[in-house]
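Accompanying notes for the structure given below.
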Amino acid sequence: MKSIYLDHAATTYLDSRVKKAMEPFWEKEFGNPSSFHSPGKRAKEAVGAAREKIAKVLGCRESEIIFTMGGTESDNLAIFGVAKALEKVGRHIITSKIEHPAVWHSCEKLASEGWQISYVKVDHQGLIDLKELAAAITKETAFVSIMYANNEIGTVQPIQEIAKIIRRKRKEFGTKHPYFHTDACQAAGALPIGVAKLGVDLLTFNGSKIYGPKGIGALYIKTGTPIVPLLYGGGQERGLRAGTENVPAIVGLGEALRLAQEGREKENARLIELRDYLIKNLLKIPKTILNGHQTLRLPNNANISFLDIEGEAMVLYLDSKGICASTGSACSSASLEPSHVIRAIGLPYEAAHGSLRLTLGRKTTKADLDCVLKVLPGIVKKLRTISPVKLNMKHYL
C-alpha cells in the first residue's frame, strides 16, 4: 500500500541536497567551532558560511542571526529575552488568539509572573483585527508577537501592515518599543522573508518545516534590539545561546533555506493548483467548512471541518489507508481539547473537533489527492452514521 504523506506542516523529510551538504560534518569534519586548531577552524568556517547564506536570504547582517535548537527555543528566546530586558520599561505584551503553543504558553508564563497579556482576536478567516491591535498598544507595551502564517489553518497575516502600526505608535509615544516579533516557521519555505520589507525586529524559523534537519532553528534579532540570554555557558552565538554549535544541522539549515527560497515561486504555483483542486473537491462532501482565508493562505494548506464527526477518528481511518494527515498542530496532537485556532475563528466546540488538516509537499501529486478524494467521503459517511452529533449547517453559512 502506497503511503501518501500530507502532514508537511508538522514536519518535512530531509532534502537529499541538504543531507549531502551536512554529511562531511558528522564524521570527517567534526571539530568544535570554538577550538583554535584546524578542525575547529573548519567547523567555524562552515557555521559562518551557513550564517552568511541565511543573512543573504533575510537581507540582514550575519551578526543578527542566532542559531538555536528549533522554532520553540527561538520563540522563547525572543519573548523571554526581550521581556526580561524591558521589564522596567513596560510589562505588557500583545499577541493573537491563534499563535503557536511556543508563543501562547510563553505568554501564559509571563502572565503568571505579573505581565499583562493582550490577546488580539481574529475574524472568521483567521485574519488579525488591526484596529484592535492598534488600540491595544500603549507606552507600556514592550513586545508584540504575531505569527506570519498559521500552522493550522494557513492564514497569512499582514505583517507589513502590523509593522507600520507599531512604527506609528513608537513615533506617537516617542519610544523605541514595542519591538515586533513574528514566528515564520511555516512561512519560511513559502513566503518572502526579507526582514527589512516585513518591518520586524525579530523573526523565528526552523529546519523541520523547510526540508531541513530537525532540532535546529534560528532567530533573527535586529541590531539594537534589547535582549538577554536564556542559557548561560561558553558564550557562543554572541553570548545569547550558550552551548557547542550543532554544526551539521546549522549547515543543513542554511542550505535548506537557500533551496526553499530559490525554488519558492515555481513550487508555490504548483502547490496552489493542487491545493485549490483538493479544497474544491473536499467541499463537495456535505456539511463541510473551509477553515482559514480562501486566498491569503499558505500554498500547501487545506484545513476543512467536517461537521458531526471526530477529526481524530478521520486521521486514524486515513492512516489505515496509508494517508498521513492531522487534526491541527502536531505540537498539540496528544490533547483531546479542540484546536484553540479553530475555536478562535468562531466555530463551536463540536465543529472544531471535526477539523482535518492536509498539508502538501514537494512530492505530492494530483494522483495522491485523487486517492484521498476517493476514500475520504466514505470515511466521513461511515463516521457520521455512528455519531450522536447532528449539527445544522445553516448556522455556519
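Close Cβ contacts (under 8 Å, 6 or more residues apart or on different chains) running from residues in the stretch 284-299 that are without any contact (Cβ under 8 Å) to a residue 40 or more places away in the chain to residues that are aliphatic (A, V, I, L, M) and in a loop (DSSP other than H, G, I, E, B) comprise T288/L307; L290/L283.
You will find that of A55, A43, the residue that is touching a residue at least 60 places away in the same chain (Cβ under 8 Å) and among the aliphatic types (A, V, I, L, M) is A43 and no other.
Within the stretch 261-278, the residues that satisfy the criterion of being within 15 Å of A367 (Cα to Cα) and either buried (at least 17 other Cβ atoms within 10 Å of the Cβ) or free of Cβ contacts under 8 Å to residues at least 40 places away in the same chain (or both) are R270, L271, E273, L274, R275, D276, L278. The set of residues in the stretch 132-148 that are among the charged types (D, E, K, R) and either touching a residue at least 24 places away in the same chain (Cβ under 8 Å) or part of a strand (DSSP E or B) (or both) comprises K139, E140.
Contact annotation: residue pairs with Cβ atoms under 6 Å, 6 or more positions apart or on different chains, pairing a residue in the stretch 18-34 that is closer than 16 Å to G207 by Cβ with a partner that is assigned to a loop (DSSP other than H, G, I, E, B), are V18/G212. Specify the residue that is modelled with the lowest pLDDT; the eligible residues are those in the stretch 1-16 that are farther than 24 Å from L257 by Cα and either out of contact with any helix residue (DSSP H, G or I) (no Cβ under 6 Å at 6 or more places or on another chain) or loosely packed, with under 15 Cβ neighbours inside 10 Å (or both). Taking the candidates together, the pick is M1. You will find that of R357, R384, the residue that is in contact with a strand residue (DSSP E or B) (Cβ under 9 Å, 6 or more places away or on another chain), at pLDDT 95 or above, closer than 16 Å to E310 by Cα and of a type in the set (K, R) is R357 and no other.
When the residues of the stretch 193-210 are filtered to those that are part of a loop (DSSP other than H, G, I, E, B) and within 14 Å of the chain's Cα centre (by Cα), the one that is nearest to V57 (Cα to Cα) is I193. Residues in the stretch 333-369 that are surrounded by 13 or more Cβ atoms within 10 Å (Cβ to Cβ), part of a helix (DSSP H, G or I) and without any contact (Cβ under 8 Å) to a residue 24 or more places away in the chain: R343 alone. Suppose the filter is in contact with a His (Cβ under 9 Å, 6 or more places away or on another chain), farther than 30 Å from A352 by Cα and polar (S, T, N, Q); does T155 pass it? Criteria not met by T155.
Scan the stretch 266-309 for residues that are modelled with pLDDT of 95 or more and of a type in the set (F, W, Y) and jot them down. Y277, the sole residue that qualifies.
Listed conditions (1) of a type outside the set (A, V, I, L, M, F, W, C); (2) in a helix (DSSP H, G or I); (3) surrounded by fewer than 21 Cβ atoms within 10 Å (Cβ to Cβ) are all met by T223, apart from (2).
The values are calculated or read from the model by the stated rules, or taken from the named source; none is laboratory data. Please read all numbers here as calculations on a predicted model, not as lab measurements. Positions of Cβ are generated from backbone atoms using ideal geometry, with glycine treated the same way; all protein chains shown enter the neighbour counts.
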